[in-house]
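The values are calculated or read from the model by the stated rules, or taken from the named source; none is laboratory data. Keep in mind that this is a model prediction, so the values were computed, not measured. Positions of Cβ are generated from backbone atoms using ideal geometry, with glycine treated the same way; all protein chains shown enter the neighbour counts. In case anyone asks, the SASA skips ligands and DNA or RNA and just uses the protein heavy atoms, side chains included. Shrake-Rupley method; radii C 1.70, N 1.55, O 1.52, S 1.80 Å.
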Amino acid sequence: MPNWTVFAGGTIAVLVVLLVLSHLTQSAFEETPDSADSSDRSGAFRTDSSDGDGDESVRESTARGTASSGVPDDRAADRPTGGDEDRSSPAATDTELPPSAGDQHRGDDQNHGDDQHHAGDQHRGVHVESSAADAPLDESPSVESTPPDPADMSTGMVLANVALSQGVFAVVLIGAAIYTDIPLEALGLEISRSWLFAGLALGTGFGIALYLANEIGAAISTWVGFEHDEQLRDILGPDSISGWIILLAFVLPIIAVFEELLFRAALIGVFEAGFGISPWLLAVVSSIAFGLGHGMQGSVGILVTGALGFVLAAAFVLTGNLLVVVVAHYLINALEFVVHEGIGFEWAAVLERGG
């Protein structure tokens with residue numbers, strides 16, 4: 001006898017985990033550029049501070065060199081005139097003279113400046129082995145590493161991550177359906193040739209029509225000023241023949257099977273058969289959840305995807321055939337990748353030229 005409650009609880013748990021992961025992924029894509037910018041800004045701030053200290057050391061060294069080289073400075077007025085002439089005379093040369101008060105004052109200033117420079121370097125955590133004049137001035141402290149940008153992940157890594165996560169969720173749902181003895185009819189499944197042919201034929205025509213309607217709707221939204229974020233599609237877009245094979249033959253089928261199994265078969269078919277809830281009410285609820293699960297596409301993407309999900313839900317309710325919506329879902333995604341990433345055709349550009 002079917003255990004509807006256990007399967008329903010497992011379905012809700014999978015849905016919650018999926019929405020949480022979707023939100024975390026969206027947050028990672030949105031926050032990483034900001035954190036990188038802040039890191040760059042903080043790194044630039046630290047570098048500027050160290051450069052400022054270096055410039056100050058240069059100025060101090062220059063001031064000390066100026067004072068010892070005899071070039072006039074602020075303290076030149078304190079020197080007695082004719083001192084250089086006296087030291088150039090034979091008597092001054094043969095006789096060892098004691099240092100003047102001015103020279104002692106300059107020496108104290110120089111030692112005091114060197115001590116301050118060493119103390120400042122030690123305060124900044126730098127172990128000083130040589131004098132300030134020998135220290136390289138272009139050294140700057142290492143900038144802390146920033147978190148990796150999810151957009152920097154390779155296409156293969158992203159494809160593997162999507163296929164693995166969605167595949168695991170699909171296996172969990174299928175295992176839960178077998179464990180709780182959910183009948184195939186409640187999931188929109190049937191082992192018959194008519195079911196197979198109807199699913200392939202209706203799904204193909206329905207998928208192409210939905211793809212065109214989805215693209216035109218998204219293009220109109222972009223044309224009137226609502227941005228449709230396609231960052232995830234750009235990341236998943238293959239750059240090799242093997243990548244296209246993996247995407248079209250493995251990743252997209254897994255996505256279509258899992259999402260239709262969750263949002264249409266489980267959330268609509270099982271809840272209707274097991275609890276007698278209106279399928280149209282379930283279609284609305286599942287479509288809202290379907291849109292929220294695609295938060296990576298932005299607010300416009302959530303609305304468009306939610307509307308698309310309701311159309312798929314309506315097709316499932318009317319036909320009772322899960323294969324119809326699986327095939328349609330796959331074609332929508334596959335055509336979108338091939339047209340945009342493979343051919344490079346943009347529907348929004350057509351509307352702009354027509355306008």
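Miscellaneous remarks
- Residues that are touching a helix residue (DSSP H, G or I) at 6+ places or on another chain (Cβ under 6 Å) and either of a type in the set (G, A, S) or modelled with pLDDT under 95 (or both), drawn from region 303-312: V304, T305, G306, L308, G309
- Pair list, Cβ under 8 Å, 6 or more apart: region 194-214 residue touching a residue at least 24 places away in the same chain (Cβ under 8 Å) and more than 10 Å from V327 (Cβ to Cβ), other residue open to solvent by less than 70 Å² (accessible area, probe 1.4 Å) and among the charged types (D, E, K, R): Y211/E336; N214/E336
- Entirely in region 220-302, the helices (runs of 4 or more DSSP H) that have 2 or more residues that are buried (at least 17 other Cβ atoms within 10 Å of the Cβ), among the polar types (S, T, N, Q) and at pLDDT 95 or above: 279-292
- Residue tally, condition open to solvent by 70 Å² or more (accessible area, probe 1.4 Å), in contact with a helix residue (DSSP H, G or I) (Cβ under 9 Å, 6 or more places away or on another chain) and assigned to a helix (DSSP H, G or I), over region 185-200: 3
- Residue that is farthest from G269 (Cα to Cα), among those in region 303-323 that are under 26 Å from the mean Cα position of the chain (by Cα) and among the β-branched types (V, I, T): V304
- Yes/no for E215 being acidic (D, E), within 38 Å of the chain's Cα centre (by Cα) and not in a loop (DSSP other than H, G, I, E, B): yes
- When region 160-191 is filtered for residues that are modelled with pLDDT of 95 or more and among the hydroxyl-bearing types (S, T, Y), the ones remaining, listed by number, are Y179, T180.
- For region 164-177, residues that are closer than 17 Å to L322 by Cα and open to solvent by 40 Å² or more (accessible area, probe 1.4 Å) total 2.
- Residue match in region 331-346 (condition: modelled with pLDDT of 95 or more, closer than 21 Å to V14 by Cα, open to solvent by 10 Å² or more (accessible area, probe 1.4 Å) and within 32 Å of the chain's Cα centre (by Cα)): no
- Pair list, Cβ under 6 Å, 6 or more apart: region 333-355 residue farther than 19 Å from V304 by Cα and outside any loop (DSSP other than H, G, I, E, B), other residue modelled with pLDDT of 75 or more and not charged (D, E, K, R): E341/G237
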